[in-house]
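Notes to accompany the following structure.
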Amino acid sequence: SQICCKDLSNWACTPKGKIAIDPVLGRIQFAPDFPAPGALRVNYCYGFPADIGGGPYSRLANLPSFSKDLFPFQQTVGPSETLASAVKAWNAATGLAQGVIYVPDFETYDIDLIGPNAIQVTAGRTLWIVAAKLGPVLGPVFHNSRVVLRGNIEIAGVGQLSMNGVWISGSVQVNDAATVRFTDCTLVPGLGLMNNGLPVHPGEPSIIAPTPGANITLSSSISGPLTVAEGGATHVCSSIIDASSRCAVAYSALDMLSEGADMVIQDSTVIGKVHVRTMTLASDTIFLARRAAKHDTWKAALWCSRKQD
């Protein structure tokens, strides 16, 4: 009886003694006379046409077995361990080839993983950052967790980094020729959302790979634009790339004009213009794009520099 349903797009006034819930925007507002709790947990269901993006569905199909033998470095983010400190420990553990960092449940973390705090994946090393529900008996469970990371991430080195089950409100920059995989992730288009649900920086790239030779993979994921330097390769499968407008740039090199790295794309949707060196394969994919009506320097909305391959 204390709950009422309201449109909270403008944070309308909530009646006395009530808790207003906006199920469209996901907002909750307590009345001025209602004592707000120190912490608030919600449990809810939602409908979506596929298991895609950072979500609480089962993600086992995209995950290896994280046994101690195969992954000797294992850290869990918690009350005494931040993601930054876990990454710092991984960066220092140079003798271990494979590692995993578990980020539990449905928590939201403000992160600063750039500059000296960047994730280091030197040659021959592989790190996973995975959302998981951790139990005392069964260990990590991957069908009831989804973590939000707010901030930017930088990746250094030529090894491998994989992320699974996370939302990232910010950008990911691959500084070297690393292999970076996003499976069951959401890199929020526009780098974040405003209170009205619109993107904070529409059209800004979610993934930036300025060094030739970087390899980027999106699988069952949602992302903003990608800028990937020529010389590497980008693989997109069962994913959405959203530039926030069909006239904006969804895929290119760093200058948002030149040709980006070779691309393989399957079972996906791209909203925005694409300039790629070679489209090695495009299958079961929708490209929703057009040139701007005036002063657009692109030759075509979908532009492949090499057409003989």
| said: What are the pairs with Cβ atoms under 9 angstrom where one residue, in the range 43-54, is of a type in the set (S, T, Y) and the other, located anywhere, is assigned to a loop (DSSP other than H, G, I, E, B)? Sequence gap at least six, or different chains. | reply: Y44/P23; Y44/G26; Y46/G55
| Restricting the range 102-148 to residues that are of a type in the set (S, T, Y), outside any loop (DSSP other than H, G, I, E, B) and closer than 21 Å to T82 by Cβ, the residue that is least open to solvent (accessible area, probe 1.4 Å) | Y102
| Answer from D33, D51 - the residue that is farther than 30 Å from Q160 by Cβ, modelled with pLDDT under 95 and either assigned to a helix (DSSP H, G or I) or of a type in the set (D, E) (or both) | D33
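If a residue has to be part of a strand (DSSP E or B), of a type outside the set (S, T, N, Q) and either open to solvent by less than 40 Å² (accessible area, probe 1.4 Å) or within 19 Å of H201 (Cα to Cα) (or both) to count, how many in the range 227-239 make the cut?
Counting residues in the range 227-239 that are part of a strand (DSSP E or B), of a type outside the set (S, T, N, Q) and either open to solvent by less than 40 Å² (accessible area, probe 1.4 Å) or within 19 Å of H201 (Cα to Cα) (or both) gives 3.
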| query | Which one is nearest to V200 (Cα to Cα) among residues in the range 149-174 that are touching an Asp or Glu at 6+ places or on another chain (Cβ under 6 Å) and in a loop (DSSP other than H, G, I, E, B)? | reply | G151
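Out of curiosity, is L254 touching a strand residue (DSSP E or B) at 6+ places or on another chain (Cβ under 8 Å), under 25 Å from D176 (Cα atoms), at pLDDT 95 or above and in a loop (DSSP other than H, G, I, E, B)?
yes
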| request: Filter the range 80-101 down to residues that are assigned to a loop (DSSP other than H, G, I, E, B) and touching a residue at least 12 places away in the same chain (Cβ under 8 Å) and give me whichever is most open to solvent (accessible area, probe 1.4 Å). | output: T94
| Count of the range 192-226 residues which are surrounded by fewer than 23 Cβ atoms within 10 Å (Cβ to Cβ), under 15 Å from A248 (Cα atoms) and touching a residue at least 24 places away in the same chain (Cβ under 8 Å) | 4
| Scanning the range 100-157 for residues that are basic (K, R) and over 14 Å from the mean Cα position of the chain (by Cα), which turns out farthest from Q75 (Cα to Cα)? | R125
| request: Give the residue, chosen from D255, D267, D242, D309, that is open to solvent by 60 Å² or more (accessible area, probe 1.4 Å) and closer than 30 Å to F48 by Cβ. | output: D267
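Out of everything in the range 276-306 that is within 24 Å of G213 (Cβ to Cβ), assigned to a strand (DSSP E or B) and out of contact with any Gly (no Cβ under 6 Å at 6 or more places or on another chain), what residue ends up being most open to solvent (accessible area, probe 1.4 Å)?
T280
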| message | Quick check on S245: is it farther than 20 Å from T278 by Cα and either among the polar types (S, T, N, Q) or in contact with a Lys or Arg (Cβ under 6 Å, 6 or more places away or on another chain) (or both)? | response | yes
| message | Suppose we filter L70, L25 for residues that are part of a loop (DSSP other than H, G, I, E, B), modelled with pLDDT of 90 or more, aliphatic (A, V, I, L, M) and surrounded by fewer than 15 Cβ atoms within 10 Å (Cβ to Cβ); which single one remains? | response | L70
| request: Quick one: N10 ticks every box in (1) in a loop (DSSP other than H, G, I, E, B); (2) modelled with pLDDT of 90 or more except a single one, so which number is it? | output: (2)
| R59: surrounded by 18 or more Cβ atoms within 10 Å (Cβ to Cβ) and among the charged types (D, E, K, R), yes or no? | yes
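The values are calculated or read from the model by the stated rules, or taken from the named source; none is laboratory data. It should be emphasised that the depicted structure is a prediction, and the values quoted were computed from it without experimental measurement. A quick note on method: Cβ atoms are made from the backbone with ideal geometry, for glycine too, and the neighbour counts reach across all protein chains shown. For accessibility, only protein heavy atoms count, side chains too; no ligands or nucleic acids. Shrake-Rupley method; radii C 1.70, N 1.55, O 1.52, S 1.80 Å.
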